[in-house]
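K.L.:
Have a look at this one.
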């Protein structure tokens, strides 16, 4: 097993220490267990949609037509 180091805010370190004592495990074990659970619950790589990746940009561009999908004017010649 390899060793890493990380910095934690004081309040998080206090909570980690308290939880490790309550469970009677080491802080290292608790961090590993929590990290494994968090990574297991995470979406598989590449599962994020385009919208997920750019949702903070949605609606931020000004001056564009309101609805490109339904307006026949904007669909003229599309796919030809």
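K.L.:
Is it the case, given these coordinates, that residue 38 is over 28 Å from the mean Cα position of the chain (by Cα), loosely packed, with under 10 Cβ neighbours inside 10 Å and in a helix (DSSP H, G or I)?
P.N.:
It is false that residue 38 is over 28 Å from the mean Cα position of the chain (by Cα), loosely packed, with under 10 Cβ neighbours inside 10 Å and in a helix (DSSP H, G or I).
K.L.:
Which count do you get for residues in region 45-80 that are surrounded by 10 or more Cβ atoms within 10 Å (Cβ to Cβ) and in contact with a helix residue (DSSP H, G or I) (Cβ under 7 Å, 6 or more places away or on another chain)?
P.N.:
Number of matching residues: 1.
Laboratory data are not the source of any read-out in this text; all were calculated from the coordinates shown. Worth saying up front: this structure is predicted, and the values here are computed from it rather than measured. Quick reminder, even Gly has a Cβ in these numbers, built from the backbone with ideal geometry, and neighbours come from all protein chains shown.
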